[in-house]
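For reference, the structure discussed in these notes is given below.
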Amino acid sequence: MVSSHLLHPNGPTLSRLIAGVWRWHHTSPQQIIRLIETSLEAGITTFDHADIYGDYGNEALFGHALRLQPSLAGRMQIVTKCGINLMSDKKPGHRIKHYDTSRAHIVTSAENSLRLLGVTHLDVLLLHRPDPLLNAEEVAAAFDALKTSGKVKYFGVSNFTPAQFDLLQAYLPAPLVTNQIELSLFQPQALLDGTVDHLYRLRTAPMAWSPLGGGRMPVDEHVFFPLATRYNATYSQLALAWLLKHPASIFPVIGTTQPDRIREAAHTMQLHLDRQDWFELLRWITGKDVA
Ligand SMILES: NC(=O)c1ccc[n+]([C@@H]2O[C@H](COP(=O)([O-])OP(=O)(O)OC[C@H]3O[C@@H](n4cnc5c(N)ncnc54)[C@H](OP(=O)(O)O)[C@@H]3O)[C@@H](O)[C@H]2O)c1
């Protein structure tokens, strides 16, 4: 069973594994209800959205499922994102893929997410990508308007460098509660280049997107098979356990579209990697012993 943890001392309590809905777009409402129910039964109560997922369609699909099964909405926390403007038939005004973190766009996007999802508030709203034209005062004004109206409880960012994070934070009265970054055993750079250390210093838990490398797990049987046998675990559980062992309280955002694999991920919470096995996986991915 997946337990819940504080994302930040002054932030929300979310499930330590988060269900990402990016890949849930070729799915019927009944299948989405099944994925939500499977997640909730496993203790995965937090769902990660973005306005753009499924070509601007996933929030509406998810909201449709919640309207069919109204008891579900009160049992979950919703994370969503804004700030990327895609080229899409649904957005005829977009001439080029671009970012928009203007006050008007942030507020309109959050209100649109609320309407499509059919929920009373968003637990966390993230700026999806660092915008080179980001005006921190405008972002602060947008966050203030959304917080004051009760539409969004907490704010964070995604894919920000430590410097970009600090810049925005300097203009905000409340802490950014997360930075959702690409991080896995297969893409460990953020753990090695100071990005995770920076968040850890601020007591801001990272969310790790593509924690299984998006399903591309170039495992080496010589390393993984003995570990999997010893821990009675699958390779994907070893990869998740490697993230969960880090003291910065990483929240992996899993992306599977299969109920069995949601349950498989949830069982990882009982798997505690030994320190030397953690270093063995680090040595495998970096190709060298630590100094
Ligand atoms: N902030 C950002 O910029 C950003 C970027 C990308 C993603 N995200 C978020 O992160 C979430 C997760 O990303 P992701 O989907 O790339 O994560 P992931 O969990 O690393 O990859 C999921 C993919 O791996 C496949 N897979 C293969 N073997 C698996 C196994 N044993 N267990 C589970 N899955 C397995 C899944 O296929 P099946 O469906 O067939 O299981 C699915 O296609 C997204 O849904 C989204 O919410 C955020």
Subject >> Check on Glu59, within 18 Å of the chain's Cα centre (by Cα) and either over 13 Å from Ile78 (Cα atoms) or assigned to a helix (DSSP H, G or I) (or both) >> reply: yes
**OP:** For the stretch 62-90, enumerate the residues that are in a helix (DSSP H, G or I) and in contact with a His (Cβ under 8 Å, 6 or more places away or on another chain).
**Re:** Phe62
**OP:** Among the numbered conditions (1) away from the ligand (no atom under 11 Å from the Cβ); (2) surrounded by fewer than 18 Cβ atoms within 10 Å (Cβ to Cβ); (3) in contact (Cβ under 8 Å) with a residue 24 or more places away in the chain, tell me where Leu199 comes up short.
**Re:** (2)
**OP:** Considering only residues that are touching a residue at least 40 places away in the same chain (Cβ under 8 Å) and within 11 Å of the ligand (Cβ to nearest atom), look in the stretch 257-286 and name the one that is nearest to Lys81 (Cα to Cα).
**Re:** Thr257
**OP:** Output yes when any residue across the stretch 38-53 is without any contact (Cβ under 8 Å) to a residue 40 or more places away in the chain, touching a Gly at 6+ places or on another chain (Cβ under 9 Å), in a helix (DSSP H, G or I) and within 11 Å of Leu117 (Cα to Cα), and no when none is.
**Re:** no
Original post:
Quick check: anything in the stretch 33-49 small (Gly, Ala, Ser) and within 16 Å of the ligand (Cβ to nearest atom)?
Top reply: yes
Subject >> Residue, surrounded by the most Cβ atoms within 10 Å (Cβ to Cβ), within the stretch 202-245, restricted to residues that are of a type in the set (Gly, Ala, Ser) and more than 20 Å from Gly20 (Cα to Cα) >> reply: Ala233
Subject >> Of residues in the stretch 236-256 being in a loop (DSSP other than H, G, I, E, B) and more than 11 Å from the ligand (Cβ to nearest atom), the one nearest to Pro206 (Cα to Cα) >> reply: Ile250
Original post:
Does the stretch 15-22 contain any residue that is at negative phi, away from the ligand (no atom under 12 Å from the Cβ) and either assigned to a helix (DSSP H, G or I) or surrounded by 16 or more Cβ atoms within 10 Å (Cβ to Cβ) (or both)?
Top reply: yes
Subject >> Test: Met1 is more than 25 Å from Ser88 (Cβ to Cβ) and modelled with pLDDT under 95 >> reply: yes
Original post:
Can you pull out the residues in the stretch 177-196 that are within 14 Å of the ligand (Cβ to nearest atom) and either more than 24 Å from Lys288 (Cα to Cα) or hydroxyl-bearing (Ser, Thr, Tyr) (or both)?
Top reply: Thr178, Asn179, Gln180, Ile181, Ser184, Thr195
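A quick yes/no check of all residues on (1) surrounded by 16 or more Cβ atoms within 10 Å (Cβ to Cβ); (2) farther than 25 Å from Pro206 by Cα; (3) among the β-branched types (Val, Ile, Thr); (4) in contact with a helix residue (DSSP H, G or I) (Cβ under 7 Å, 6 or more places away or on another chain):
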site: Ala50; (1), (2), (3), (4): yes, no, no, no
site: Glu59; (1), (2), (3), (4): yes, no, no, yes
site: Arg67; (1), (2), (3), (4): no, yes, no, no
site: Arg95; (1), (2), (3), (4): no, yes, no, no
Subject >> Matching residues, the stretch 25-45, being crowded, with 24+ Cβ neighbours inside 10 Å and touching a Ser or Thr at 6+ places or on another chain (Cβ under 8 Å) >> reply: Ser39, Ile44
**OP:** Tell me which residues, restricted to the stretch 202-213, are closer than 13 Å to Gly156 by Cα and within 14 Å of the ligand (Cβ to nearest atom).
**Re:** Pro206, Met207
Subject >> Unique match (being touching a strand residue (DSSP E or B) at 6+ places or on another chain (Cβ under 7 Å) and either surrounded by 23 or more Cβ atoms within 10 Å (Cβ to Cβ) or at pLDDT 95 or above (or both)) among Val119, Val107 >> reply: Val119
Subject >> Residue that is nearest to the chain's Cα centre (by Cα) [pool: residues in the stretch 157-199 that are within 27 Å of Trp242 (Cα to Cα), part of a loop (DSSP other than H, G, I, E, B) and small (Gly, Ala, Ser)] >> reply: Ser184
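The values are calculated or read from the model by the stated rules, or taken from the named source; none is laboratory data. Computed from a predicted structure; not experimentally measured. Cβ atoms come from the backbone with ideal geometry, glycine included; neighbour counts cover every protein chain shown.
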